[in-house]
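The values are calculated or read from the model by the stated rules, or taken from the named source; none is laboratory data. This is a predicted model, so every value here is computed, not measured. Positions of Cβ are backbone-derived with ideal geometry, glycine not excepted, and every protein chain shown enters the neighbour counts. SASA here: full protein model, heavy atoms, side chains in, ligands and nucleic acids out. Shrake-Rupley method; radii C 1.70, N 1.55, O 1.52, S 1.80 Å.
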Amino acid sequence: MEDRTAPGLWLELVSSEHKSYADRADELISFPGISSAWWGSNANPGRDDLPRKIPEFSTLGIFEVGDTFSAPEVPVGTTGLYFRRTPRPGQGVLTGAPTTGVLLVLISPRTAAGAVPLRDWADFVHIRHIAEVAVPGYCMITPYESSDGGDPRFLHLYEMDSADPEATFASMRPLVEKRLGKPGSAAFDAWAWHEELRILYVNTFGRAGVIPPAVR
C-alpha cells in the first residue's frame with residue numbers, strides 16, 4: 001500500500017534522460033527530508049484530448065518529503081516541482097495493493113482571487129463525484145498545493161492499483177456520466193468545468209520503479 005501520507009511531494013518531470021532514472025532516485029533517496037521514491041513512464045505520450053501548457057515528458061519521479069526537505073538541483077531536461085498537502089484530506093479507498101500507476105493533474109486558478117473557489121470546486125464537486133462512483137482501479141486521490149503559491153498551483157495525485165493506468169483513467173468519465181448525466185446537463189457540466197479552472201497538464205504514468213521507506 002503506497003497511499004501518500006507525507007507533508008509534501010517533490011516531483012521531477014523528466015523530458016530527457018542521460019542515465020537510468022533509477023540512478024537518480026538512488027541519489028535523491030539519501031537527501032534530508034526524502035522518505036520514499038516512485039517513478040513511472042508516460043502511458044499516453046502526446047495526449048491531445050485535454051488542454052496542456054506544460055511540455056510533454058517521458059518519466060515522472062515522485063518523492064515523499066518531510067518538513068526538513070529543500071529542493072535539490074535538477075539535471076538538464078528535468079523540471080522540479082515542490083508541493084505541500086492541502087489542509088483537506090484525500091478521497092478514495094485504501095486497497096492494500098501497491099500503487100502501479102498514477103494520474104497526474106496539474107491546475108491553476110485564472111485569477112489570484114480564484115484559488116479558494118477553485119479549491120472548493122475540486123474538493124467538493126470534481127474529486128468528490130469521482131470518489132463516489134468508485135472507479136475500479138482508482139485508490140486515493142490526494143490534493144496538494146504549490147509550496148510557493150506558484151504555477152501550477154494545485155496537484156491532484158490519483159493513485160491506481162490496476163495493470164493499465166490509461167485504460168483505468170478512460171473508464172472514469174462514463175461512470176461519472178452514468179451518475180450525473182451526459183455532457184450538456186447541468187450536473188455534468190458543473191462537475192467537468194469551473195470558471196477559474198486552468199488545466200496545465202493531465203496524464204497517466206505506469207510504475208517503473210519504487211523505493212519504499214522500509215528499504216532505506
With springs connecting C-alpha atoms under 10 Å apart, model the chain as a Gaussian network and identify which of Tyr21, Tyr138, Tyr158 has the largest mean-square fluctuation.
Tyr21
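When ranked by the protection proxy of mean other Cβ atoms within 10 Å per residue, highest first, what sequence do the peptides 73-84, 97-108, 43-54 form?
Details: 73-84: 15.4, 97-108: 21.2, 43-54: 12.6.
The most tightly packed comes first, giving 97-108, 73-84, 43-54.
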For segment 104-154, the per residue accessible area (1.4 Å probe, Å²) is 37 Å²
Does segment 52-131 classify as rounded, prolate or oblate by the C-alpha gyration tensor (a ≥ b ≥ c root eigenvalues; a/c under 1.5 gives rounded; else a/b over b/c gives prolate, otherwise oblate)?
oblate
Which one is right for this structure if percent of Cα pairs over 30 Å apart is calculated from it: (1) 23; (2) 18; (3) 29?
(2)
Taking protein heavy atoms only, a 1.4 Å probe, and rounding to whole percent, the accessible area of segment 67-216 owed to carbon and sulfur comes out at 57 percent
Which semi-axis lengths, in whole Å and largest first, follow from the square roots of five times the eigenvalues of the Cα gyration tensor of segment 1-48?
22, 16, 9
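Provide the FRET efficiency to the nearest 0.05 for the Ala131-Asp164 pair, computing r from the beta carbons and using R0 = 25 Å.
Details: r = 20 Å, r/R0 = 0.82.
It comes to 0.75.
So what is the 222 nm mean residue ellipticity for the chain from helices alone, if each DSSP H run of at least 4 adds -39500 (n - 2.57) and you divide by all residues, rounding to the nearest 500 deg cm²/dmol?
Details: 6 runs with 43 residues, N = 216.
Theoretical 222 nm ellipticity from helices: -5000 deg cm²/dmol.
Checking the a/c ratio against 1.5 first, then a/b against b/c, what shape does the Cα gyration tensor give for segment 75-198? Provide the component values of the computation, followed by the final result.
Numbers: a/c = 1.78, a/b = 1.10, b/c = 1.62.
Oblate.
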Between Phe31 and Ala97, take the C-beta separation as r, use R0 = 22 Å, and let me know the FRET efficiency to the nearest 0.05.
0.20
Dipole of segment 121-170 [Lys/Arg +1, Asp/Glu -1 at C-beta], most positive-end residue of Ile130, Thr168, His156:
Ile130
